[in-house]
Each structure stands twice: as structure tokens, then as C-alpha cells.
Amino acid sequence: MNTTPQPGEEAAARAANSRLVRDFGLLIKSATRLEQRIDGELRQECGISHTMLEVLIRLCRRPGEEVSQRHLADDLTLTSSGTTRLLDRMEEAGLVRRIPSPADRRVTLVETTPHGGEVFLRAAAVHARLVERYFVAPLTTDDYGRLTAALDRIETALRDDA
């Protein structure tokens, strides 16, 4: 095996080891590991996935608000077919129901069922416990405030450029 760097390999190694690549990778790894931890605990304790919890959060956020299947897809950044399959599973589990919009026959609204509301409350407690343990507790109060403010600025910049 040749251990002498080939042309371009050193530049590629510098790029792969750059601070920006490393820092962004740390953000992605941390977020992915936390999401996997939350998903596993939710499946074990509540029988739902993290994505299902995200649907329930969206539906429970403003009681009485009409939420269309299309808006859910946009909020969750899922494809229309992915949202349909997810809602099919949630409907089969008795968590949500789909109803036609009284204002527009082309629109399907989604709402939680009483069972979905009960599962949501249990899942929200699991979610809060894990977020507190792995996202909040490792940081000082000041660091947590700076982190969430920075994440908000990043999200705003990405949303504004869309």
C-alpha cells in the first residue's frame, strides 16, 4: 500500500478536517443520536415513533385549529405520499382521524382522537424527560440560552431564504 499522499489528497484531507465540516458534523451527530434515543424510548414506552409524536404535537398545539393533511406534510417536511402512509398507520392505531373539510371538498383535515390525546400526553412526558436529560442538563443556563437563540437565528435565516 502506498502511503505517499497522491495529488489532491492533502487538500481533500484539509477540507474533510476543516472546522466547519467538523462543527456541522457534531451538530448533525448530536441531533441524530438524540432523535434516535427519543424514537426508541417512545416506541418502547408509548408504541409510537418520534415522527408520530411530531404529528400529535402539531395537532394538539392549537385546540380547535383545522389542520390539513397538506399542512402537516409541509410542517414535517415529508412528501405527500410519506405523510399519507404515516397517517394511515396513525389512523389504524386509533391516534388520528381524517375528515373532509367542510369548506373545500379537495382538502382532508386531520384531528386527534381521544386515544391519540392520551398517547400524546404520555409521549410528551417521555420526550420532555429525554430532552431535559440530553439537551438541557449538559449545559449551563447561559449556554442553553445562547444555543437556543443561535438555533432560532439559523432556522430563521433558512426559512427567510426559502
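Bear in mind these aren't lab numbers, they're just calculated from the coordinates by the rules spelled out. Note that the coordinates shown come from a computational prediction; the quantities given were computed from them, not determined experimentally. Heads up, the Cβs are rebuilt from the backbone with ideal geometry, glycines too, and the neighbour counts pull from every protein chain shown.
Data overview
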item: The chain, helix-only ellipticity at 222 nm - DSSP H runs n ≥ 4, -39,500 (n - 2.57), divided by all residues, nearest 500; result: -21500 deg cm²/dmol
item: Arg33/Arg122 FRET efficiency (R0 22 Å; Cβ-Cβ; nearest 0.05); result: 0.45
item: Furthest towards positive pole of dipole, Val96, Tyr144, Ala128, structure part the stretch 20-160, Cβ charges; result: Val96
item: His127, His115, His71 arranged by Cβ crowding within 10 Å, fewest neighbours leading; result: His115, His71, His127
item: Overall dimensions of the stretch 20-160 by Cα: Rg and Dmax, Å; result: 16.9, 51
item: Positive-end residue of Pro5, Ser68, Leu20, charge dipole of the stretch 1-107 with Cβ unit charges; result: Ser68
item: Taking the chain and dividing mean pair separation by its residue count, relative contact order in percent (alpha carbons under 8 Å, at least six apart); result: 20 percent
item: Cβ-defined net charge surrounding Arg22, 15 Å radius [Lys, Arg +1; Asp, Glu -1]; result: +2
